[in-house]
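Some notes on the structure that comes next.
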Amino acid sequence: MNCRKIMTELSEALIRVNAAYAVIAQKHSLSYNALMVFYIVDECENSTQKDICDKLFLSKSTVNGILNDLKQKEYVELIQGRNKKEKNIVFTEKGKKKNTEIQSDTEHFESEILSWYGVDNTTYFLKQAKLLSKRMIDTVSDVIEV
């Protein structure tokens with residue numbers, strides 16, 4: 001078994017999945033990571049910068065830069081969270097409109113993919129991907145000194 005070859009092919013396949021979403025991001029004049037921030041804010045009421053960092057595995061400074069850009073474009077605003085330091089990220093009216101456009105494109109794209117690949121195949125793949133990614137994260141810390 002050629003571990004390196006298999007893992008390289010897996011990485012390339014996952015990168016191509018992200019590249020498809022990057023096309024949607026580009027259409028809406030966003031970076032891939034900014035698009036992912038839109039998805040997180042849409043899915044999780046009261047999202048914080050820490051939530052985004054944790055979900056996207058991005059540094060605090062990177063997420064801060066993305067949020068500043070989205071604030072400058074008037075797509076999001078930060079409101080008081082549970083304490084003085086915590087800020088929740090919410091869409092502005094302009095951001096809600098942009099999010100509706102993005103979700104419309106995404107739904108069309110994703111429904112085409114699910115129709116082609118099948119819900120059962122997708123569900124199985126998702127289960128396996130979660131299992132593999134969890135094991136990879138757990139194992140890398142044990143095997144590699146950081």
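The values are calculated or read from the model by the stated rules, or taken from the named source; none is laboratory data. Remember, it's a predicted structure, so these values are computed and weren't measured experimentally. All Cβ positions, even for glycine, are placed from backbone atoms using ideal geometry, and neighbour counts span all protein chains on display. In case anyone asks, the SASA skips ligands and DNA or RNA and just uses the protein heavy atoms, side chains included. Shrake-Rupley method; radii C 1.70, N 1.55, O 1.52, S 1.80 Å.
Positive-end ranking of PHE109, SER133, ASN99 along the dipole of segment 98-146, with charges on Cβ about the Cα centre, is headed by SER133.
Across the cross-link table entries LYS73/LYS127; LYS60/LYS98; LYS55/LYS96, which are compared at the Cα atoms, the separations over 31 Å belong to LYS73/LYS127. With a 1.4 Å probe rolled over the protein heavy atoms of all chains, the accessible area of VAL90, VAL143 falls in the order VAL143, VAL90, largest first. The residues ILE144, ILE66, sorted by heavy-atom accessible surface at 1.4 Å with ligands and nucleic acids left out, run ILE144, ILE66 from largest to smallest.
Each Lys and Arg Cβ is given +1 and each Asp and Glu Cβ -1; about its Cα centre, segment 14-146 then shows a dipole of about 420 debye.
Give the relative contact order (percent, whole number) for the chain; include only Cα pairs under 8 Å separated by 6+ residues.
On the way: 86 pairs, mean separation 23.1, N = 146.
Computed value for the chain: 16 percent relative contact order.
Loop-located chymotrypsin sites (Phe, Trp or Tyr not before Pro) across segment 21-107 with a Cβ neighbour count of 15 or fewer within 10 Å are PHE57, with loop assigned by DSSP.
From the Cα trace of segment 19-93, what convex hull volume per residue do you get, rounded to a whole Å³? Walk me through the numbers on the way to the answer.
On the way: hull volume 6.8 nm³, N = 75.
Dividing the Cα hull volume of segment 19-93 by its residues yields 91 Å³.
How tilted is helix 93-117 with respect to the longest principal axis of the chain? Cα atoms for both, answer in degrees (0 to 90, nearest 10). Its long axis makes an angle of about 20 degrees. Distance from the alpha carbon centroid of segment 110-129 to that of segment 9-73 works out to 22 angstrom. Here the chain is scanned for GluC sites (Glu not before Pro) in DSSP loops (not H, G, I, E, B) that have at most 16 other Cβ atoms within 10 Å, and the longest stretch holding none of them is 87-144.
Rounded to the nearest 500, the 222 nm mean residue ellipticity of the chain from helices alone is -25000 deg cm²/dmol, with -39,500 (n - 2.57) taken per DSSP H run of at least 4 residues.
Just going by the charge dipole of the chain, with Lys and Arg at +1 and Asp and Glu at -1 on Cβ, which of ILE52, HIS28, ILE6 is farthest out on the positive end? About the Cα centre, the residue reaching furthest to the positive side is ILE52. The residues of segment 45-146 have, on average, 78 Å² of accessible surface per residue, using a 1.4 Å probe with all protein chains present. Past the 23 angstrom mark, what percentage of all C-alpha to C-alpha distances in the chain do you count? Looking at the chain, the distances longer than 23 Å represent 47 percent of pairs.
Element breakdown for segment 1-95 at a 1.4 angstrom probe: carbon and sulfur atoms account for 54% of the accessible area. How large is ³J(HN,Hα) for each residue in segment 77-91, as worked out from phi by the Karplus curve 6.51 cos²θ - 1.76 cosθ + 1.60 (θ = phi - 60°), to whole Hz, x for Gly and Pro? Ordered by residue, 3J(HN,Hα) equals 9, 9, 10, 4, x, 5, 9, 4, 7, 7, 10, 8, 9, 10, 6 Hz.
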